[in-house]
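Asker: Can you read through this structure? Questions will come right after.
The values are calculated or read from the model by the stated rules, or taken from the named source; none is laboratory data. It should be emphasised that the depicted structure is a prediction, and the values quoted were computed from it without experimental measurement. Every residue, glycine among them, receives a Cβ derived from its backbone with ideal geometry; neighbour counts consider all protein chains shown. Areas reflect the complete protein model, heavy atoms only, side chains present, ligands, DNA and RNA absent. Shrake-Rupley method; radii C 1.70, N 1.55, O 1.52, S 1.80 Å.
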Amino acid sequence: MHSAVEKMHGEFSELIRFLDDNMEISLRVFVDDTFRKSLLLCVASFFEKNLSNIVENYVKKTSENNLAVVCLVKNKAINRQYHTWFNWNENNANSFFGLFGDDFKNFMKEKTKNDEQLRHSIKSFMEIGSERNRLVHENYGAYTLEKTSEEIFLLYKSSIFFLESIECCLDEFGRNTI
């Protein structure tokens, strides 16, 4: 199954190849610049939606689907709060982990210290969020995005492991604290 990110990456890559094959240099430069920005926003949006869903599902599961608790968390901790979960100037997710308490934050610090893939995935995830913030807050139209589309796509692929891991880490932590 392909995400919207993978679909966008594939379609724009085909367009870039077409423009290269037809020696449309000026148009290729414009399309590439626009594509890289769109891809970055697509990746950041994908992560926001999926991580928000992970947090909401975790709350549903741990509260045994208590509607009052789920609605409270959704309304005050999830909706339009995602970008406050992270310190985008860091290359770690400790501020996000700390939202679940110091014990969970310490648990995750230990996990990341012992797991190179997770540490790299979090760094990639944070880089996407940081770059997204610069893009949207520093005049999108005039902003020069230094990363290539392939670099953005590789950051996306690396970051997926963080998303896949966080739910398991929350569950593991919950089992260990009972």
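Asker: Anything in region 89-102 that is more than 16 Å from Ile166 (Cβ to Cβ) and modelled with pLDDT of 95 or more? List them, or say none.
Answerer: We begin by selecting, within region 89-102, every residue more than 16 Å from Ile166 (Cβ to Cβ); these are 89-91, 102.
Matches in region 89-102: Asp102 only.
Asker: Filter region 80-114 for residues that are acidic (Asp, Glu) and in contact (Cβ under 8 Å) with a residue 12 or more places away in the chain; which is nearest to Leu154 (Cα to Cα)?
Answerer: Glu90
Asker: Test Ser121 against the stated conditions and say whether it is within 19 Å of the chain's Cα centre (by Cα) and on the phi < 0 side of the Ramachandran plot.
Answerer: On the way: within 19 Å of the chain's Cα centre (by Cα): yes; on the phi < 0 side of the Ramachandran plot: yes.
Taking the combined requirement at face value, the residue satisfies it.
Asker: Show me the helices (runs of 4 or more DSSP H) found entirely inside region 88-178 where at least 2 residues are small (Gly, Ala, Ser) and surrounded by 18 or more Cβ atoms within 10 Å (Cβ to Cβ).
Answerer: Numbers: elements: 94-98, 102-113, 116-137, 149-176.
Per the criteria, 116-137, 149-176.
Asker: Output the qualifying pairs, or none if there are none: Cβ atoms under 9 angstrom, residues six or more apart or on different chains, first residue in region 135-154 and under 18 Å from Phe12 (Cβ atoms) and of a type in the set (S, T, N, Q), second residue surrounded by fewer than 15 Cβ atoms within 10 Å (Cβ to Cβ) and modelled with pLDDT under 90.
Answerer: none
Asker: If you don't mind, there's one more thing I want to ask. Could you say which residue among Glu6, Glu48, Glu14 is in contact with a Phe, Trp or Tyr (Cβ under 6 Å, 6 or more places away or on another chain) and open to solvent by 30 Å² or more (accessible area, probe 1.4 Å)? Break it down stepwise before answering.
Answerer: Details: Glu6 fails: in contact with a Phe, Trp or Tyr (Cβ under 6 Å, 6 or more places away or on another chain); Glu14 fails: in contact with a Phe, Trp or Tyr (Cβ under 6 Å, 6 or more places away or on another chain).
Testing whether each residue is in contact with a Phe, Trp or Tyr (Cβ under 6 Å, 6 or more places away or on another chain) and open to solvent by 30 Å² or more (accessible area, probe 1.4 Å) leaves just Glu48.
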